[in-house]
Amino acid sequence: MMDLKDLTEAIKTGNRTQATSLTQEALDADLTPQSILDAMVVGMDEIGDKFKRNEVFVPEMLIAARAMNESMAILEPSLVKSGYKPLATAVIGTVQGDLHDIGKNLVSMMWKGSALNVIDLGTNVTPDKFVAAIKEHDAKLVGLSALLTTTMPSMKATVEAIKSEELSDVKILIGGAPVTQSFADQIGADGYSPDAASAVDSAHQLLGIR
Amino acid sequence: MNSLEQLSQPNISELDRSIFRRIAQNYLLNWPVGICVVQPDGQRLMAKNWWAGRDSVTHRDLLAFNVQEGLRFGEPTVTYCPDKRLYWAVPIMQNSKVLGGIVAGTEEEALFPSGMDQPPLDLRKACCELRLMIERENLTNSAVLEKHRIDTERERERAEVLHLLKLEDLSGVRQLYLREEPRLLSTIRQGDRSESRLIINRILTMILHHAGDRFELVKSFMMELVATICRTAVEAGADPEEMLGNNFQSMTALASIRSMEQLAPWLHAVLERTMDAIAAHPDNTSSMIITSAITFMQQHLHEPIGRDDVAMAVDLSPSHFSRLFKHHVGQGFNQTLVRMRVDHAAELLIKTRMSIGQIAHASGFKEQGYFAKSFHRLMGQSPRSYRQHQANCMA
Ligand code: B12
């Protein structure tokens, strides 16, 4: 039985080669993707705590984030079921002024795994870009992510931009560490989810699937 | 003065080469980096130790973005570029206008000069040094940058409260507020500015979080908070008239506040004014704390209290409390406590018919032997003969 603590450690120290090979090993050992993900998130949380205490700086967070994103990419195929006909298209992105993408990537992966066609716009996405992508792909769901308290206003601006376009019944789901249900109510988003797993349920609920 | 300030239409391409050379030279002495000057659109103008070749459009955008980030957070912040380089930048400014920026960059490999498991290059320091250098050359608006740094720090604290709030399911903002209020008042009394600021931020975040967009509700909370702060300040030794004036001024300012964004700076200004008013009478504050410590000791004399309990009761660290106590009372804490216990025992010896053992206990002495010894040392006779002697005198 392999120990996922090593994976947590590899993410924490930003050791990409080790993180990716441990992820592969864990998959080969038939561990559930969820438990593997959880081990990675623990690593990220720990680096976040260290940052808070001024023990590490941005570069350490950057390399940890990269190790995490690469390891997640290895997990993706086992999460994303192939052969399904997507039920709807969703657009997702991190709002303008914000570069954090791990949480958003996780949600995106989970959505792909639940029969959604996901268009990922990346980070630092302007309200205009969201609107354009919704139109272009006829998306029925938009996911907005914000990790900084200072980019929560961009989230509001994006919701306003989408609403003002009167795009036919596109639902907006928001998330990210500083985001709450009451903030979602405040800015008129259709929903909020605290994590990637519940983001799937919320998406299905909003889209009326199941 | 820098050469830019004499121009009517300031332009970064006029930046004196010799100034840039000086900055670059000094910076490169300490850090294994490349450094360049860019226009607001990211176009490179002058460079030293920079990578060869022209920058692509995305690259230019990235450099421009970096300058913006340096302005936004008030301190250069490191961003990662897909070409495996890390960049950080300081805006070049005249008043509030951004004329461009100075960007530093390094290869990812340079980050860990002695291996992945060794501590990386101290880029936090590198960022800070770059800013200081550019500030020294008077090429940027230090005041604006400083304000942004303070805002960033405040937001960071706010984020942390939000994270905590999400973990804890607490209902009712009033309850939350009541939990924080005593802490705030005690840090104000002690003149602990930074802790007070933190708590104010927590309270603000909580109130905003729960009150949502019901702005009038938020305002009513604020009025209550300011009134309590003023009262506390007067208790802590601030001049009542001055505080009345402060209070009036704060309320007038509050009336004209229209948005949540203006609230935080306003409340912080209130706090600073209050702290200043208290600081103008420093001795009052601490003597008040010591008075309440002594009251606490009197009320708990029969219990086995020690220095740490009393320090905790008045919200001071034990060591700070000891120092303050000695300063105001003139003798150490333990000495004073024994003195108070003995005085109490002496009173009981005269006024009651309790046994010596009971009195020792009621005065907080765990051992009768220690009681007898302490009593004798301070009163010059044993408890028994003291009782006898006093009775004789009365008769
Ligand atoms: C990694 C990290 C970075 C990395 C990001 C790399 C990357 N590729 O993402 C880098 C180094 C770039 C970075 C930069 C900065 N960061 Co940073 N960062 C973090 C850190 C440590 C972890 C974030 C993370 O990935 N968590 C793991 C994921 C899985 O969790 P998550 O993002 O919360 O996502 C989950 C849920 O929120 C939800 N969710 C997220 N998005 C969405 C979207 C939808 C639609 C839904 C439904 C759900 C959902 O589901 C996810 C999965 O369960 C956090 C600390 C923390 N604990 O959050 C700080 C933190 C967010 N950063 C912070 C700061 C201050 C910064 C910088 C300003 C630092 C600086 N001085 O340079 C810059 C800002 C850059 C910018 N303009 O954005 C602060 C934010 C303070 C604030 N004001 O809000 C934090 C909180 C750290 C701290 N305590 O100070 N950071």
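Before moving on, here are some points about what is shown:
- Extreme residue, farthest from the ligand (Cβ to nearest atom), among residues of region A:190-210 that are under 16 Å from A:Leu147 (Cβ atoms) and in a loop (DSSP other than H, G, I, E, B): A:Pro194
- Residue count for region B:75-92, restricted to those that are within 12 Å of chain A (Cβ to nearest Cβ) and within 28 Å of the chain's Cα centre (by Cα): 5.
- Single match in B:Leu63, B:Leu121, B:Leu99, B:Leu71 (criterion: within 10 Å of chain A (Cβ to nearest Cβ) and on the phi < 0 side of the Ramachandran plot): B:Leu121
- Scanning region B:142-162 for residues that are facing chain A (nearest Cβ under 8 Å) and hydrophobic (A, V, I, L, M, F, W, C) gives B:Ala159, B:Leu162.
- For region A:55-71, filtered to residues that are more than 8 Å from chain B (Cβ to nearest Cβ) and not in a helix (DSSP H, G or I), the residue that is least open to solvent (accessible area, probe 1.4 Å) is A:Val56.
- Considering only residues in region A:20-56 that are touching a Lys or Arg at 6+ places or on another chain (Cβ under 9 Å) and more than 8 Å from the ligand (Cβ to nearest atom), the one that is farthest from A:Ala196 (Cα to Cα) turns out to be A:Asn54.
- Filtering region A:81-98 for residues that are away from chain B (no Cβ under 14 Å), away from the ligand (no atom under 11 Å from the Cβ) and outside any loop (DSSP other than H, G, I, E, B) leaves a non-empty set.
- Considering only residues in region A:184-205 that are surrounded by fewer than 20 Cβ atoms within 10 Å (Cβ to Cβ) and within 14 Å of chain B (Cβ to nearest Cβ), the one that is nearest to A:Asp38 (Cα to Cα) turns out to be A:Asp195.
- Of all residues in region B:14-31, those satisfying the criterion of being at pLDDT 90 or above and open to solvent by 50 Å² or more (accessible area, probe 1.4 Å) are B:Arg21, B:Arg22, B:Gln25, B:Asn26, B:Leu29, B:Asn30.
- Of the strands (runs of 3 or more DSSP E) lying entirely inside region A:103-179, those containing at least 3 residues that are more than 11 Å from the ligand (Cβ to nearest atom) are A:116-120.
- Unique residue being touching a helix residue (DSSP H, G or I) at 6+ places or on another chain (Cβ under 8 Å), surrounded by fewer than 18 Cβ atoms within 10 Å (Cβ to Cβ) and not basic (Lys, Arg) when the list is A:Ser114, A:Ser78: A:Ser78
Yes/no per residue for (1) in contact (Cβ under 8 Å) with a residue 60 or more places away in the chain; (2) buried (at least 20 other Cβ atoms within 10 Å of the Cβ); (3) not β-branched (Val, Ile, Thr):
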| position | (1), (2), (3) |
| --- | --- |
| B:Cys36 | yes, yes, yes |
| B:Leu62 | no, yes, yes |
| B:Lys84 | no, no, yes |
| B:Ala89 | no, yes, yes |
| B:Asn95 | no, no, yes |
| B:Pro119 | no, no, yes |
| B:Cys127 | no, yes, yes |
| B:Val144 | yes, no, no |
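- Residue list for region B:312-335, filter: free of Cβ contacts under 8 Å to residues at least 12 places away in the same chain, open to solvent by less than 60 Å² (accessible area, probe 1.4 Å) and in a helix (DSSP H, G or I): B:Pro318
- Among the residues here, B:Met133 qualifies as out of contact with any Ser or Thr (no Cβ under 7 Å at 6 or more places or on another chain), more than 14 Å from chain A (Cβ to nearest Cβ) and surrounded by 14 or more Cβ atoms within 10 Å (Cβ to Cβ).
- Output for region A:161-182, where each listed residue is over 13 Å from the mean Cα position of the chain (by Cα), farther than 12 Å from A:Ser193 by Cβ and within 14 Å of chain B (Cβ to nearest Cβ): A:Pro178, A:Ser182
- Close contacts from region A:24-43, counting a first residue that is in contact (Cβ under 8 Å) with a residue 24 or more places away in the chain and a second that is open to solvent by 80 Å² or more (accessible area, probe 1.4 Å), with Cβ to Cβ under 8 Å and a gap of 6+ residues or different chains, come to A:Ala29/A:Met1; A:Ala39/A:Lys5; A:Gly43/A:Glu9.
The values are calculated or read from the model by the stated rules, or taken from the named source; none is laboratory data. On a predicted model such as this, the values are computed, not experimentally measured, just so you know. Counting neighbours? That spans all protein chains shown, and the Cβs are built from the backbone with ideal geometry, glycine included. Surface areas here come from the heavy atoms of the whole protein model, side chains and all, with no ligands, DNA or RNA. Shrake-Rupley method; radii C 1.70, N 1.55, O 1.52, S 1.80 Å.
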